[in-house]
Amino acid sequence: MQAALNQLGFRCYHMQEVPRVPGHLEMWNDIVVEEASPDWDTLFEEYQATVDAPACFYYRELLEKYPEAKVVLTVRDADRWYESIMTLLRTVKPLRPIGIIIPRVGRFMKLTDDLIHKFISSANDRESYLQAFDRHNAAVQRNVPADRLLVFHVQDGWEPLCEFLQCPVPESDPFPHLNEGSATIKAKMKEFFFTARVKAVLLLIGLGVLGMLAWLFMR
């Protein structure tokens, strides 16, 4: 969905922006954990749309802030959604130790945990996740005015989405059907965690060099 909105000219915010954009990790931590009043204008200053966590959990607040905004509720199979969440958690689990060395990584991992516990489930079981999925979809359809909501199946392609957003249908570009499996999720997180790994290695090398110099000096 992010790729489709970007293709239509709506620069789209996503979870991967949170650790990448300076200041956003701290702002989301204040919103989610401290329950501070969000500064939506600052968060979305460079964007015209947002998908996925964390913003999707604040759709009511965003609708109130932006009365002309519209909501696209993508419909997908609940079991496949659950598997994508589990794939994400399995993908990032081996990277958690980096958070001990690089605090920013640790803060991002904690924010991810806080979002899951607050909005999905504090119980780590399939049934509670699926219940949260159904509960969220039902709440969106109940709370969003009908004229501002599109319940969208990605298989339907460009036409219903473009009609709802009042923009031209891309004639030559097929609707992007990106696989949300392990490879795609890893690609989304690659830039942030690769950079973190490099920093961690450089830090360890630096500490090792300092330790060696100290040992030589103290001899």
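Any residue that is surrounded by fewer than 18 Cβ atoms within 10 Å (Cβ to Cβ), under 17 Å from the mean Cα position of the chain (by Cα) and within 30 Å of V169 (Cβ to Cβ) - is there at least one of those in the stretch 15-34? Taking every residue of the stretch 15-34 in turn, at least one turns out to be surrounded by fewer than 18 Cβ atoms within 10 Å (Cβ to Cβ), under 17 Å from the mean Cα position of the chain (by Cα) and within 30 Å of V169 (Cβ to Cβ).
A Cβ distance below 7 Å, combined with a sequence gap of six or more or placement on separate chains, defines the contacts here; from the stretch 121-133, residues that are free of Cβ contacts under 8 Å to residues at least 24 places away in the same chain and of a type outside the set (S, T, Y) reach residues that are in a loop (DSSP other than H, G, I, E, B) and surrounded by 15 or more Cβ atoms within 10 Å (Cβ to Cβ) in the pairs A132/S121.
Take S128 and decide whether it is more than 28 Å from R11 (Cα to Cα), surrounded by 17 or more Cβ atoms within 10 Å (Cβ to Cβ), over 16 Å from the mean Cα position of the chain (by Cα) and of a type in the set (S, T, N, Q).
Here the answer is no, as S128 does not meet what is asked.
Residues in the stretch 98-125 that are surrounded by 13 or more Cβ atoms within 10 Å (Cβ to Cβ) and not in a helix (DSSP H, G or I) were compared, and the one that is nearest to the chain's Cα centre (by Cα) is S121. For the stretch 88-97, the criterion of being without any contact (Cβ under 8 Å) to a residue 60 or more places away in the chain, surrounded by fewer than 18 Cβ atoms within 10 Å (Cβ to Cβ) and not in a helix (DSSP H, G or I) is met by at least one residue. Scoring P168 on the criteria (1) surrounded by 16 or more Cβ atoms within 10 Å (Cβ to Cβ); (2) assigned to a loop (DSSP other than H, G, I, E, B) leaves a single failure, condition (1).
Got a sec? Which helices (runs of 4 or more DSSP H) wholly within the stretch 1-42 have at least 1 residues that are more than 24 Å from L150 (Cβ to Cβ)? So that I can check it myself, show each step before the final result.
Working: elements: 2-7, 17-20, 24-32.
The qualifying helices (runs of 4 or more DSSP H) are 17-20, 24-32.
Picking from residues in the stretch 131-150 that are surrounded by 15 or more Cβ atoms within 10 Å (Cβ to Cβ) and hydrophobic (A, V, I, L, M, F, W, C), the one that is nearest to P174 (Cα to Cα) is L150. Checked against (1) at pLDDT below 95; (2) not in a loop (DSSP other than H, G, I, E, B), D52 passes all but a single condition, namely (2).
The values are calculated or read from the model by the stated rules, or taken from the named source; none is laboratory data. As the structure is a prediction and not an experimental result, all values here were calculated from the model. Cβ: placed from backbone, ideal geometry, glycine included. Neighbour counts: every protein chain shown.
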